[in-house]
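Reviewing the structure listed below.
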Amino acid sequence: MVRVIRGARHLRVAGWSIAPRLLRGAPPAALAVVGALSLLVGLLIVTRPLTSLFLLTIYVGLSAVFTGVARMLGTPESALWSRVTFGALWIGLGLAILVGLGRTLELLPQLIAVLLLVGGLASLYDAISRGRVSQRVLATAWGSAQVVFGILAFSWPDVTVLVVAIVFGVRTIVFGATLVVRAVRAYVAGRGTAPADVGSREEDKNGAMDASAQPTPRARARSAWVAAGRYGVAALLVALAAVGWWASSWLSDGAPVVDAFYDPPPVVPYEHGRLIRVGEFAGQEPAGAHVNRILYTTRDAVGQPAVASALVIVPDERPPGARPVIAWNHGTTGVARGCAPSLRDASATKWAIPALDEAIRRGWIVVASDYSGQGAPGVFPYLIGRGEARSSLDAVLAAGELDDVTLSARTVAWGHSQGGHAALWMSQIAEDYAPQVDMLGTAVLAPAADPLALADELTDGDASVLLSILISWVLVPYADTYDDVDLARYIAPGAEAIVREMTQRCPSEPGVMVSVATALGVAEDRPLYVGDLTAGALGRRLADNVPTGPWEHPLLVVWGTEDEVIPPRLQEEFVDRLCAQGEQVRRLAYRGYDHLGTLLPGSRFLPVLVNWTEARLTRTDTHVDDCGR
C-alpha cells in the first residue's frame, strides 16, 4: 500500500506541474506577488513577442531545465534509463539555450523544434510503458502532436516564434491567474497559507484511504469524467496536428518547384555568356512563337562566375537573316530561387511582357533573363545593378548559340520596375562587358532607378506589412552580396530568422501568407527594422547601385501618375538628372495609371513603345529628346 501511495505522489511531479507543486503551501502574499509577476510576464510575451524575445528565450531555457528535472524525479514505474535519458536531454538543451543566450536568440525556432521532438518522443515512450488506457491515449496524442509541430517548426521558423510566444504567454497568464485566485481565497478565508488545488486535495484523501477499499460511486463517476476528458483532449490534439500538417502541405504544394534543369553540371565554361543547356518551357506559349529555357554562364554582382537562366521567345515566321533582339528585364517577383519567371506559367505572355504579340509579329526575338540566383543557384541581385545587367547581357550572348536562329547584334533593352533598374545598368555597362551587343536604346517602365532615394521614401514612416516584406528583399541580398553590410545593424534583435524567411517565399505562392501573418504579428510589437537603411554601409551600397550613365543611345522613361509603389516624384527627379547630364530622354507620364498600368495590354503606351523601338532598331531619325521641352 505504501508503495502505491508513493507512486501516486511521484506521478504528480511531472511536466509543467512542478512550479505549482513548489509553491504549494506558500504564504498568500508570496502567491500574490508571484502570480502578479507571472501575469505581467505572460502579457508581455503575448503582446510584445519581439520586445520580449530575450525574456522568452530565458523562459524556454528554464522550462526545459525544469522539465528535465521533473522527468528525472518522475514516477519510479518509469524505467531509470528513460528518466535519465529524456531528463538529461531536456536539461542539456535548456542549459545550452541559457549559456549561449546571445546566439540562441536567432536559433530559437530550431531549438524549439528540437525540444518539441524530444518531448514528443518522451511522451510516446510513456504511452508505451505505463498508465491506464485513457492516459496512454492522451500520451500518444500529445507525443504525436509534439513531433508533428516540431517538424512544422523546422519548416516555418518565422511563425514558430510567434506561436511559441502565444503558447508560453497564455500558459504563464493562466498560471499567474491561478496563483492570484489562490491568494485571494486564502485572504478571504483568513488562512496563513493558500489552499492547495483540488487535484492535490483529492490526492491527499486518496493517500489516506486503504488500498483495499472499494471506490465509491462518486469516485467512479469522477474517474469516468477524467477519462472522458483525456479522450477529448487527445482528440483535440490529433485534430490540431492534422490541421497543421494539412495547412503546411497546402502552403508547400503551392510553392514553385525548381526542377533539375536549373542545376548546373559540375563543369561549365569559364567564359561568361556561354550556353550550357536548352530545355522546353512548360508554360503558356504566345501565338506564333516558340519558347525555350536556357541555362548559361554569367558573372554575379561581385564579378564571380555564376550561372543564370532565361526564356528565349522566337517567332515561328520571321524574315530571313539575323533578327534584332529585345532584352526584357522583369520586375519584382521575389528573391528566392523558385521566384524565377521561367518557372511561372504566364511569363511568356502579353500579360508579363509588354507588346509581346507585336514584337513577335515584327520578327523580334525576345530574351528574358531570370537574373542569377533565380532558377539557378546563387545570390539574387535584387536592385544590385551589375549583377542584374550581367545576367541580362549574358542571356543575349548565350541565346546567340541556339541552333536554327540567328541573332543580330542590334538590341534594345526593355524593363519594368526592378527590371527598369536592370535595363539601365545593362545598357550602361554593355560596351565594356559585352561589346558584341550593340545597344541601340533603353525603354524603362516605372523604373526603380534610384535604390537609395526609394529606400529613403519607403522607410519614411511606419512600415506596412507588404513594405516589411519588400525591405527584406533588399536587405538580405545586399547583406549576402557585400561583406560590409551587416544585417544585424538594420533589424530588431532576434528578428533575422523572420526577415530571412520572408525572402524564401514568392508573392505568387500561398506560403507568402505566412510572411504576411508574421509581419502582422510583430507589427503591433515593434518595427522589424530599426536601422536607417540609407545610412552606413547599406546606404553607400545603395548609392553605388544608382545608374548614372553615360548612355550613348536614346532613353525612354515612362510611369503612371498614380503609381503606388514608386512615387512619380522620384521619376521626375531621375529624368531631370538625366537631362542635366546631357542624355537623350523621352519622358511620358500617363494620368491615372498605377505601377502596372503602362505594362498591361490595353495601355496607351504600348504603341509608343513599339514605334520607338522600331525606330531604334532601324536607326531611323525620330524625336528622341524631351529635355528641352
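Hey, could you check segment 67-81 for residues that are open to solvent by 10 Å² or more (accessible area, probe 1.4 Å), in a helix (DSSP H, G or I) and farther than 20 Å from GLN110 by Cα and say which is modelled with the lowest pLDDT?
Out of the qualifying residues, it is ARG71.
Just to be sure before I move on: is GLY531 crowded, with 20+ Cβ neighbours inside 10 Å and within 27 Å of LEU467 (Cα to Cα) in the structure I sent?
Judged against the criteria, GLY531 is not a match.
Can ALA453 be described as open to solvent by 20 Å² or more (accessible area, probe 1.4 Å), modelled with pLDDT under 95, within 30 Å of SER603 (Cα to Cα) and of a type in the set (Gly, Ala, Ser)?
Against the criterion (open to solvent by 20 Å² or more (accessible area, probe 1.4 Å), modelled with pLDDT under 95, within 30 Å of SER603 (Cα to Cα) and of a type in the set (Gly, Ala, Ser)), ALA453 qualifies.
Taking VAL405 and the conditions (1) open to solvent by 10 Å² or more (accessible area, probe 1.4 Å); (2) aliphatic (A, V, I, L, M); (3) without any contact (Cβ under 8 Å) to a residue 60 or more places away in the chain, which numbered condition does it fall short on, given that it satisfies the others?
The single condition VAL405 does not satisfy is (3).
I'd like to check something: does segment 609-624 contain any residue that is closer than 25 Å to SER408 by Cβ, among the polar types (S, T, N, Q) and either touching a Leu at 6+ places or on another chain (Cβ under 6 Å) or touching a residue at least 60 places away in the same chain (Cβ under 8 Å) (or both)?
yes
Give the residues of segment 307-325 that are in contact with a Leu (Cβ under 9 Å, 6 or more places away or on another chain) and over 20 Å from GLU271 (Cα atoms), sorted by residue number.
Across segment 307-325, the qualifying residues are VAL312, ILE313, VAL314, ALA322, ARG323, PRO324, VAL325.
Restricting the search to segment 575-606, which residues are assigned to a helix (DSSP H, G or I) and either among the small types (Gly, Ala, Ser) or free of Cβ contacts under 8 Å to residues at least 60 places away in the same chain (or both)?
Within segment 575-606, VAL575, ASP576, ARG577, LEU578, CYS579, ALA580 meet the criteria.
Looking at segment 228-247, is at least one residue within 22 Å of the chain's Cα centre (by Cα), at pLDDT 90 or above and assigned to a helix (DSSP H, G or I)?
no
If the Cβ limit is 6 Å and pairs must be 6+ apart or interchain, which residue in segment 328-345 that is at positive phi pairs with which residue that is at pLDDT below 95?
If the second residue must be at pLDDT below 95, the pairs left are GLY334/CYS506; GLY334/PRO507.
Would you mind finding the one in ALA301, ALA282 that is modelled with pLDDT under 95, farther than 30 Å from GLY150 by Cβ and in a loop (DSSP other than H, G, I, E, B)?
Of the residues listed, the single one that is modelled with pLDDT under 95, farther than 30 Å from GLY150 by Cβ and in a loop (DSSP other than H, G, I, E, B) is ALA282.
Conditions (1) among the charged types (D, E, K, R); (2) surrounded by fewer than 19 Cβ atoms within 10 Å (Cβ to Cβ); (3) within 13 Å of HIS416 (Cβ to Cβ); (4) within 27 Å of the chain's Cα centre (by Cα), marked per residue:
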site: VAL335; (1), (2), (3), (4): no, no, no, yes
site: CYS339; (1), (2), (3), (4): no, no, no, yes
site: ALA346; (1), (2), (3), (4): no, yes, no, yes
site: ARG361; (1), (2), (3), (4): yes, yes, no, no
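Here's the yes/no breakdown for (1) under 25 Å from LEU39 (Cβ atoms); (2) modelled with pLDDT under 80; (3) not β-branched (Val, Ile, Thr):
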site: LEU115; (1), (2), (3): yes, no, yes
site: ASP126; (1), (2), (3): no, no, yes
site: VAL137; (1), (2), (3): no, no, no
site: LEU152; (1), (2), (3): no, no, yes
site: VAL159; (1), (2), (3): no, yes, no
site: VAL164; (1), (2), (3): yes, yes, no
site: GLY176; (1), (2), (3): yes, yes, yes
site: GLU203; (1), (2), (3): no, yes, yes
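The values are calculated or read from the model by the stated rules, or taken from the named source; none is laboratory data. What you see is a predicted model, and the numbers here were worked out from it, not measured in a lab. Counting neighbours? That spans all protein chains shown, and the Cβs are built from the backbone with ideal geometry, glycine included. The area values use the complete protein model at the heavy-atom level, side chains included, leaving out ligands, DNA and RNA. Shrake-Rupley method; radii C 1.70, N 1.55, O 1.52, S 1.80 Å.
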